[in-house]
C-alpha cells in the first residue's frame, strides 16, 4: 500500500514537472483564482466592519421622570439585562447627565451661566440600551412599553430614531445580501475558470489516458496521478497567491485605514495568518483535485 | 482459445465493418490477418481488446464472452493481452523504461520485480542503451520495438499486432516480424493484422484474408498473401 501511494505521488510529481509549460499556465491561473478569493475575503471583512461600525452607532435611550427613584431605574435596567436580545445597558444618573452636559458645553458661557442660575438639575436619569442586533430595537421597546414600571418612564427615543435605525438596518442587509451574492457569483466564476483550465490540461493528455487504458490501466491507476497533479497545482498556486497577497496587503493597508478609520487589513489578516494560509491551501488543493476528478472522467471511457 | 461467433459490427455511419464473422484461433497459433484498408482487420482486433463491442455475436476468450465484462473487469482482460499499434501508442511523457514499467505497474507488480524485468525485456528488443530516452528521441523502428517490449512485459498469452510495420522501412519491418515469431515460439498466440505482402509471405503461417468486413479465405498452413 505504501509503495502504491509512493508510486502515485512520484508519478503525479513527474507529470507536473515534465509538463512544465502547461503546469506553469494552470498554476498561474489558479493563483489568480485564489487571489480573487482572498480579495473576496478582504471585501467581506471591510463590509462587515463598516456594517458593525454603523450598528455600533445605533442605540435607544429611556428617560425617567424626575420623581422616579434610582431603585426603580435599576429594576428596569435589570429587567432589560435579562433580555436575550440586549447587548448592553448603561445607566446615566441625573448627576452624570449634568456633568456630561457641562463637559460637552464647557466653552459655552451662556449655557454655563444658565445652569448656574437653576436651582435644580433639569436633566433626567436615563438608560442607554444597545441591542445585539439592530432589528431587535422594536421588540425591546415593546418590552419596555409593557413593563410594570412604564409609568416612571418619561420617553423612549426609539420613535425619533426609528427612521435612522431602519436605514442602518437596510444598509446592513443590503451590504450583507449583495456581498453574499457577489461572493457567490465570483466564486462560481473562479471555480469554472479553474475547472476549464484543468480540463484543457487533461484534454491535452487524452491520448495518453487512452493508451493507459489500452495497456490495462484501471480507472484509479490512471486517475490517481492526475489527482495528485491537480493537488500540486493547488499547492503551488496557494504559495504564489500568499506570496502576492501579504505584500499587497502591507502596501494598501495604511491607505484603506485612512479611507475607512478603524480598519487595519494587515492587522486582521496578519493576526489570522495561520487560519488564512491553510484555508487558501485547502481551497487550492480541493479546486485542483475536484476539477481533475471531474475532467478526467470523460476520458476514461475507452 | 479465441472464438468469434456470428459477429456483426456496424459503425455509427451505418458502415458494416464486420459481416458475419466466424473464427477460431487456437492457443499458440501465429495468424496473419490480411486485406486492404477498410477490410475490417483493425475492427476485429479492437473487439478482442474490448475497445469495441459487437452489435451482434460473441467474442469468446478462453470461453468467456468479453462483451459481457464489466468496465472494472476490462483492465484485467487487457493485462492478459499484449497490443502493438501502427502509431506505436507510446506514453510521450514517460521514458522508455517508464513506458514498459507502466504496463507492469498496472498489474500491481512490486518495484523490485519492475526493476528486474524491465531491463531484461528492453535487452530482448535491443533498447538497453535507450532506457532513459523519451519516445520523441527514438527512431520509428525503436519506437515499435519499445511498443513490443511493453506488450511483452506482463507475459501475455495473446499478442495483437495492428499494422506494426506500417510506419517502418523493410529492415525494421523484418526485425519486428522476427521478434513476433520469436515471441510466438515461446507459446504466445500472435495475431498480426497487416497489408504488407512481404511480411506475410516471410512468416508463412496461417493467413486469413478479409474483404469488406468478411472472411474470404482462411489458409490454415503455409499461407500466402492472396487477395
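Can we say residue A:182 is in a helix (DSSP H, G or I), loosely packed, with under 15 Cβ neighbours inside 10 Å and touching a residue at least 60 places away in the same chain (Cβ under 8 Å)?
yes
Somewhere in the stretch B:74-82, is a residue modelled with pLDDT of 90 or more and part of a loop (DSSP other than H, G, I, E, B)?
The answer is no; no qualifying residue exists.
Quick check on the stretch B:184-202: of everything there that is assigned to a helix (DSSP H, G or I) and in contact with a strand residue (DSSP E or B) (Cβ under 6 Å, 6 or more places away or on another chain), which residue is nearest to residue B:159 (Cα to Cα)?
Per the stated criteria, the residue is B:184.
So which residues in the stretch B:189-210 are out of contact with any helix residue (DSSP H, G or I) (no Cβ under 9 Å at 6 or more places or on another chain) and surrounded by fewer than 18 Cβ atoms within 10 Å (Cβ to Cβ), if there are any at all?
Once the filter is applied, which keeps residues that are out of contact with any helix residue (DSSP H, G or I) (no Cβ under 9 Å at 6 or more places or on another chain) and surrounded by fewer than 18 Cβ atoms within 10 Å (Cβ to Cβ), the stretch B:189-210 yields B:197, B:201, B:204.
So which residues in the stretch A:268-279 are exposed (fewer than 12 other Cβ atoms within 10 Å of the Cβ) and closer than 25 Å to residue A:56 by Cα?
A:271
Give just the number: which of (1) surrounded by fewer than 21 Cβ atoms within 10 Å (Cβ to Cβ); (2) in contact (Cβ under 8 Å) with a residue 60 or more places away in the chain; (3) within 17 Å of residue A:41 (Cα to Cα) does residue A:265 not satisfy?
The one condition residue A:265 does not meet is (1).
Determine, yes or no, whether residue B:92 is more than 14 Å from chain A (Cβ to nearest Cβ) and surrounded by fewer than 20 Cβ atoms within 10 Å (Cβ to Cβ).
no
Can you name every residue in the stretch A:199-250 that is without any contact (Cβ under 8 Å) to a residue 24 or more places away in the chain, assigned to a helix (DSSP H, G or I) and within 14 Å of another protein chain (Cβ to nearest Cβ)?
Correct list: A:207, A:208, A:211, A:212, A:220, A:221.
Suppose we filter B:106, B:100 for residues that are out of contact with any strand residue (DSSP E or B) (no Cβ under 9 Å at 6 or more places or on another chain), within 14 Å of chain A (Cβ to nearest Cβ) and modelled with pLDDT of 90 or more; which single one remains?
B:100
Is one or more of the residues making up the stretch B:31-40 in contact with a strand residue (DSSP E or B) (Cβ under 9 Å, 6 or more places away or on another chain), part of a loop (DSSP other than H, G, I, E, B) and surrounded by fewer than 20 Cβ atoms within 10 Å (Cβ to Cβ)?
Yes; the residues of the stretch B:31-40 include at least one that is in contact with a strand residue (DSSP E or B) (Cβ under 9 Å, 6 or more places away or on another chain), part of a loop (DSSP other than H, G, I, E, B) and surrounded by fewer than 20 Cβ atoms within 10 Å (Cβ to Cβ).
Could you tell me which of the residues A:9, A:24 is at pLDDT 85 or above and loosely packed, with under 14 Cβ neighbours inside 10 Å?
Exactly one residue qualifies, and that residue is A:24.
Looking at B:119, B:156, B:164, which one is crowded, with 19+ Cβ neighbours inside 10 Å and away from every other protein chain (no Cβ under 11 Å)?
Checking each option against the conditions leaves just B:164.
Just for the stretch B:44-73: of the residues that are without any contact (Cβ under 8 Å) to a residue 40 or more places away in the chain and either within 18 Å of residue B:151 (Cα to Cα) or part of a helix (DSSP H, G or I) (or both), which one is farthest from the other protein chains (Cβ to nearest Cβ)?
Applying the filter and picking the extreme gives B:68.
Confirm whether residue B:81 is facing another protein chain (nearest Cβ under 10 Å), under 19 Å from residue B:3 (Cα atoms), buried (at least 18 other Cβ atoms within 10 Å of the Cβ) and touching a strand residue (DSSP E or B) at 6+ places or on another chain (Cβ under 6 Å).
Taking the combined requirement at face value, the residue satisfies it.
The values are calculated or read from the model by the stated rules, or taken from the named source; none is laboratory data. What you see is a predicted model, and the numbers here were worked out from it, not measured in a lab. Don't worry about glycine lacking a Cβ; one is built from the backbone with ideal geometry, like all the others, and counts go over all protein chains shown.
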